[in-house]
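Here's the structure we're looking at; comments come further down.
The values are calculated or read from the model by the stated rules, or taken from the named source; none is laboratory data. Please read all numbers here as calculations on a predicted model, not as lab measurements. Backbone-built Cβ (ideal geometry, glycine too); neighbour counts: all protein chains shown. These accessible areas exclude ligands, DNA and RNA; they are computed on the full protein's heavy atoms, side chains included. Shrake-Rupley method; radii C 1.70, N 1.55, O 1.52, S 1.80 Å.
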Amino acid sequence: MQALVILHPGFEEIEAVTPVDLLARAGISIVTAAVGPNLCVEGRSGISIRAETTLDDASKKDFDVVILPGGPGISKLRNHPLICELFKRQNSANRWIACICAAPLLLHDAGLILPDLHYTCHPSAEKELPGKAEDLTTVSAHRMLTSQGAGTSIDFALAIIAELCGDSVANTVAASICYKTS
């Protein structure tokens, strides 16, 4: 299994680092990719993370899941042609897309959030999305996993693990970090 985590200027650090850490604990290979040419990407809180590659290079490969963290940087990514194309390709190939916080806005930009799709997002993004967002920490529908925000990052990462590797692996990872699942 291989996951792509897209890092963009202004990303929410916990929404990127938590999935990277927990998916690695589950044995999933992680590739981090910077949206721009600079591999050192600064998040919303001023924490810089060095990506392994650029999105241009990473987008030429296939991944079991593509993960987009939210944060205030999402506003500058709206309708990003490469991300939207990557999401459409993932969807057409029946592979997973995982977006947290305001990142589901790019699912909408790619034409993948329709009025009848179940999803969740940060409350600040709801007004721009069709239909009604679910008031749940994570929602999985049509190989798209969405989550509300920084506070739901562990649930988000564990939901990705459950979808890719099964509940048993997700529960093992949760227990290893002393996270109580319901």
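Miscellaneous remarks
- Residue-level analysis places Asn91 outside the set of residues that are free of Cβ contacts under 8 Å to residues at least 40 places away in the same chain and over 13 Å from the mean Cα position of the chain (by Cα).
- Restricting the stretch 141-156 to residues that are of a type in the set (A, V, I, L, M, F, W, C), closer than 19 Å to Phe11 by Cα and touching a strand residue (DSSP E or B) at 6+ places or on another chain (Cβ under 9 Å), the residue that is most open to solvent (accessible area, probe 1.4 Å): Ala150
- Filter pass, Ala58 being modelled with pLDDT of 95 or more, touching a strand residue (DSSP E or B) at 6+ places or on another chain (Cβ under 6 Å) and more than 18 Å from Ala157 (Cβ to Cβ): yes
- Residues of the stretch 18-62 that turn out to be basic (Lys, Arg), free of Cβ contacts under 8 Å to residues at least 60 places away in the same chain and over 23 Å from Cys121 (Cβ atoms), as a count: 3
- Filtering the stretch 46-63 to residues that are surrounded by 12 or more Cβ atoms within 10 Å (Cβ to Cβ) and closer than 22 Å to Gln148 by Cα leaves only Ile47.
- Sub-6 Å Cβ pairs linking a first residue in the stretch 63-81 that is more than 22 Å from Ala93 (Cβ to Cβ) to a second residue that is of a type in the set (Lys, Arg), at least 6 apart or interchain, are Gly71/Arg44; Pro72/Arg44, ordered by first then second residue.
- Single match in Thr32, Thr137 (criterion: of a type in the set (Val, Ile, Thr), within 15 Å of Leu7 (Cα to Cα) and open to solvent by less than 80 Å² (accessible area, probe 1.4 Å)): Thr32
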